[in-house]
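The values are calculated or read from the model by the stated rules, or taken from the named source; none is laboratory data. Small disclaimer: the values here were computed from a predicted structure and weren't measured. As a convention, Cβ positions derive from the backbone with ideal geometry for all residues, glycine included, and neighbour counts pool all protein chains shown. With ligands, DNA and RNA removed, areas are computed over all heavy atoms of the protein, side chains included. Shrake-Rupley method; radii C 1.70, N 1.55, O 1.52, S 1.80 Å.
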Amino acid sequence: MKRVLLIGGSGQLGTAIRRRWDDCEITAPTHAELDIRHSVALAEALARSRADVLVNAAAFHDVDRCESEPLAAFETNAVAVGVAARLARDAGALFVTLSTDYVFDGEGGTPYTEADAPHPLSVYGTSKLAGEHLVERLRAPAFVVRTCGIYGPTSSASRRPSLLDRVLASRAGAPLRVVADVCASPTFAGDLADALRRLIDRDVYGLYHAVNVGPVSWYEFAAEAARLAGTDAQIEPIRAEQRSTVAPRPRFSALSNAKLGGLGIRMPSWREGLAACLGVSPAIG
Ligand SMILES: NC(=O)c1ccc[n+]([C@@H]2O[C@H](COP(=O)([O-])OP(=O)(O)OC[C@H]3O[C@@H](n4cnc5c(N)ncnc54)[C@H](OP(=O)(O)O)[C@@H]3O)[C@@H](O)[C@H]2O)c1
């Protein structure tokens, strides 16, 4: 049985990992118990848990706040990730960390592969890319997995509601305005956790994309979520220029799973992911 030390276990992905990796012995300290930026505490936790795998599902990913707090963004998303990768290597543990579609500028029109050149638009994307580089330069057993638009249950104190949360909370009479000209690969945390579980059994380390298969516009995603959930939410399409965000975001940031698929690890479609999260059949409707 693999011993796993999981950082960020109360988050969306962390919650899915805790629920779904039932063949692993998971130690998941809370953020209050272990801050990934505290390297001494992390080294002690690694030694105490005798982990075979260190999974970092923590991040500072309030994309707009990162613009005004670049030091904090780089501390958590880059420096701490590089240090954690080194500590994992020194402890003989595999390191797994998550990155983002926001490393791309969104000027492409087909799902990005691992071979495409990153060009982040935001401080958040830049800090995550720096984290990727700090892991890669160690050439130690590690997986850096880029994903996109995660949704799923969470008990995280710091996270803001996902688009799915907002759809489920919205009601007729108060339309939810959602961008119709921005496409991505929204991903169910449960599907991502399942893919990661299979990935850590392999020794073909490196950079991978893992998302529910898209692309889909956020408007279409929200409308399908409302339909599948049977809510009377009113979803109103808007253009990217009409939303008020601080950080620039890519217009098209769907990712390709082709490299992951080459390992025989298949990701479900965005509709299947959404239906699985809502506990309904994708065919209903
Ligand atoms: N969410 C997305 O749409 C998305 C898209 C692409 C990539 N990603 C990446 O995927 C990963 C998982 O995302 P998620 O949506 O599951 O995140 P999430 O729900 O926001 O959870 C983040 C977790 O990290 C913890 N945390 C935050 N800062 C920490 C620190 N300094 N030390 C220790 N723990 C800390 C949080 O605890 P508290 O709540 O107690 O602070 C929470 O448990 C992240 O690397 C993220 O960048 C996410």
Before we move on, is A174 open to solvent by 40 Å² or more (accessible area, probe 1.4 Å) and within 11 Å of the ligand (Cβ to nearest atom)?
no
Consider A91 carefully, then state whether it is open to solvent by 10 Å² or more (accessible area, probe 1.4 Å), small (G, A, S) and out of contact with any His (no Cβ under 6 Å at 6 or more places or on another chain).
yes
When you check A32 against the structure, is it in contact (Cβ under 8 Å) with a residue 40 or more places away in the chain and either assigned to a strand (DSSP E or B) or among the small types (G, A, S) (or both), yes or no?
no
Taking region 40-71 and the residues there that are surrounded by fewer than 15 Cβ atoms within 10 Å (Cβ to Cβ) and either within 12 Å of the ligand (Cβ to nearest atom) or of a type in the set (G, A, S) (or both), the one that is farthest from P161 (Cα to Cα) would be A47
Positions within region 195-217 being crowded, with 21+ Cβ neighbours inside 10 Å and closer than 30 Å to K2 by Cα, in sequence order
A195, L196, Y208, H209, A210, V211, N212, V213
Take region 176-235 and flag every residue that is basic (K, R) and under 20 Å from S281 (Cα atoms).
R227
Would you check if there is a residue in region 189-202 being more than 28 Å from S155 (Cα to Cα) and modelled with pLDDT of 95 or more?
yes
Which condition from (1) in contact with a Lys or Arg (Cβ under 6 Å, 6 or more places away or on another chain); (2) assigned to a loop (DSSP other than H, G, I, E, B); (3) over 19 Å from L98 (Cα atoms) is the one that E25 breaks?
(2)
Please indicate, with yes or no, whether at least one residue in region 179-186 is open to solvent by 50 Å² or more (accessible area, probe 1.4 Å), closer than 17 Å to P237 by Cα and more than 9 Å from the ligand (Cβ to nearest atom).
yes
Being open to solvent by 20 Å² or more (accessible area, probe 1.4 Å) and within 30 Å of V182 (Cβ to Cβ) narrows it down to one residue among E107, E25, E33; which is it?
E107
Which residue pairs have Cβ atoms under 8 Å apart, sit 6 or more places apart or on different chains, and have a first residue in region 155-184 that is free of Cβ contacts under 8 Å to residues at least 24 places away in the same chain and a second that is of a type outside the set (A, V, I, L, M, F, W, C)?
D165/Y151; A169/P161
Could you please find all residues in region 78-104 being assigned to a helix (DSSP H, G or I) and over 21 Å from the mean Cα position of the chain (by Cα)?
R86, L87, R89, D90
Can you find a residue that is at pLDDT 95 or above and either in a strand (DSSP E or B) or of a type in the set (F, W, Y) (or both) anywhere in region 61-76?
yes
Residue in region 160-171 that is within 30 Å of A130 (Cα to Cα), within 15 Å of the ligand (Cβ to nearest atom) and at pLDDT below 85 present:
yes
Here's a check for you: in region 127-155, which residue that is among the basic types (K, R) and farther than 30 Å from L168 by Cα is least open to solvent (accessible area, probe 1.4 Å)?
R137
